[in-house]
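Here's the structure, in structure tokens; my notes come after.
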Amino acid sequence: MTILVTGATGNVGGNVVDQLVKRGADVRALVRDPSKAELPDAVEVVRGDMLDVDSLRSAMSGISTLFLLNGVVADEFTQALITLNVARETGVKRVVYLSVIHSDVYVNVPHFAGKFGVERMIDAMGFEATILRPAYYMDNKITIRDIVREHGVYPMPIGDKGLAMIDVRDIGEIAGIELIRRDNSAEPLPTTRMNLVGPDTLTGAEAAAIWSDVLGRTIVFPGNDTAGFERNMRQAMPSWMAYDMRQMADRFQTDGMIPEPGDVARLTDILGRPLRTYRDHVAQIAA
């Protein structure tokens, strides 16, 4: 029984691969450039691309379960649908898909809407699936660490409703556990959706306060200027992606990312330990 992991060289995918290897699974990783893939020796690395149908067919030959992760790109939806169609064509029935929390609520945010469309396609195609719906990644903060330390501001307009931020290591471990549960099952398992959240739901001001406490000096939260956020993002990414990120930030203001009752307890039970906290994450990356 072999599990195919897409997005295997990214932050989440790399954690998923590590967790699967740690648990003794047979893992195949789909990567664009095997020469640059720093993966464990036990992993079978195959060259491929989600828009290259022949490479997908080859990569999926003989696999039992698919972990579907694709990044925020302009053709994300097309990539996912092609991958699912090839999976069904090659006889794959079991899928764990990395979606996003509130994909059915943030309907005007392109990458949220695309992921919700993929969820619907998984249902319609009859896969035995787990839909993982992570909230905001704590690890997004690594990109703003230097801004916080050098300028004394927490620059992310995450709003006043609160985001239940989650550590990607917890995402990877939960995904690994779920992939093996499905892969080892002798019987078909029903489709399930699972919110992946952290133990704390934090506002922008609360996140800044944690940085202040960890660094031992005042870190200011300047507010929720999503237009300014878009302008800043355009310096590092294409305009369409920066606009997508602004739409997401706007929904942070109106909706937040609030766990449903029982989410934290469910994840704690799966992991057999507490979820990682944002304070611990900040302490680690601020050092």
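The values are calculated or read from the model by the stated rules, or taken from the named source; none is laboratory data. For clarity, every value in this text was computed on a predicted model and none was experimentally measured. Neighbour counts run over all protein chains shown; Cβ positions are idealised from the backbone, glycine included.
Results, tabulated for the structure shown:
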item	result
Unmet requirement for Gly216, which otherwise passes all of (1) modelled with pLDDT under 95; (2) among the small types (Gly, Ala, Ser); (3) over 30 Å from Val73 (Cβ atoms)	(1)
Residues within segment 219-257 that are outside any loop (DSSP other than H, G, I, E, B), at pLDDT below 95 and under 21 Å from Glu76 (Cα atoms), tallied	1
Residue, surrounded by the fewest Cβ atoms within 10 Å (Cβ to Cβ), within segment 202-248, restricted to residues that are of a type in the set (S, T, N, Q) and under 21 Å from Val107 (Cα atoms)	Ser239
Ile147 being hydrophobic (A, V, I, L, M, F, W, C) and crowded, with 17+ Cβ neighbours inside 10 Å	no
Residues satisfying the stated conditions in segment 194-218, i.e. of a type in the set (D, E, K, R), closer than 29 Å to Ile174 by Cα and assigned to a loop (DSSP other than H, G, I, E, B)	Asp200
From the options Arg57, Arg94, residue that is modelled with pLDDT of 95 or more and either of a type in the set (A, V, I, L, M) or surrounded by fewer than 20 Cβ atoms within 10 Å (Cβ to Cβ) (or both)	Arg57
Matching residues in segment 69-104 - criterion: being under 17 Å from Gly10 (Cα atoms), outside any loop (DSSP other than H, G, I, E, B) and touching a Ser or Thr at 6+ places or on another chain (Cβ under 6 Å)	Val96
Residue within segment 164-174 that is part of a loop (DSSP other than H, G, I, E, B) and either in contact with a helix residue (DSSP H, G or I) (Cβ under 7 Å, 6 or more places away or on another chain) or surrounded by fewer than 16 Cβ atoms within 10 Å (Cβ to Cβ) (or both) present	yes
Single match in Leu163, Leu179 (criterion: modelled with pLDDT of 95 or more and under 20 Å from Gly10 (Cβ atoms))	Leu179
Residue match in segment 147-154 (condition: touching a helix residue (DSSP H, G or I) at 6+ places or on another chain (Cβ under 9 Å), in contact (Cβ under 8 Å) with a residue 12 or more places away in the chain and part of a helix (DSSP H, G or I))	yes
